[in-house]
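What follows draws every value from the coordinates through simple rules; no lab data is involved. Just so we're clear, the structure is a prediction, and the values are computed from it rather than from any experiment. Quick reminder, even Gly has a Cβ in these numbers, built from the backbone with ideal geometry, and neighbours come from all protein chains shown.
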Amino acid sequence: MKAYLVIIGLLLTVSTLSAQSTKDCKKVLNKEISFEETEANAQEIRENVELMLSCDFDELDAEIFMDVSDNNLSLLTQALLFLNVDATDENPVTYGDLRDFLLEQKNSDFFIAYKKQLMAKIELSHKNADIENWPIDKELLKEMGLETEQIEVIKKIVNNNPKKPYTEIFAIYVDALSLESKR
């Protein structure tokens, strides 16, 4: 179990992807993933995971796989744990197995929808709210999965707080929800 904790901690620290040649990517796919609890092994796993992700996934995919929001294990860690259940000495888990599993996840309806929501959120978080841009912003809010009534509340907030960054608009919205729930 300690080995899992080392891997989980290690994977949580992976934040950037390095550019590598396709040849290096192919080499790592056949490597076995060792679950030994050593610092050297943890470093090797981190480097191999970075390489694997940089070859077949974009940065946003990698961020989604490594996201640990809501105090959950990252999808990457969950994948490793899931794959390790069936691993044996004769049939060990490889980085190719991990890549294939993550590619399946990437092509799932859930992942595609989640990525679209995240892209809309990122786009809005880089914008200032402006009622003149409301039709475009409203569509992004819909892509984020917000309901019509939620969007209408945000529209009122935008009207009352022109030119503020959407990060502040969302903070105001969360505060308004908090006040409403206390009533």
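Remarks
- The 3J(HN,Hα) values that the Karplus relation (6.51, -1.76, 1.60; θ = phi - 60°) gives for segment 54-59 are, in residue order, 5, 8, 10, 9, 7, 4 Hz. Gly and Pro appear as x.
- For ASN133, net neighbour charge (Lys/Arg +1, Asp/Glu -1) across residues whose Cβ lies under 12 Å away: -1
- Cut-off under 5 Å, modelled amide H: who pairs with LYS31 long-range: TYR95, GLY96
- Overall form of segment 116-164 per C-alpha gyration tensor (a/c, 1.5; a/b vs b/c): oblate
- Computed E for LEU179/ASP89 - FRET, C-beta separation, R0 45 angstrom, nearest 0.05: 0.15
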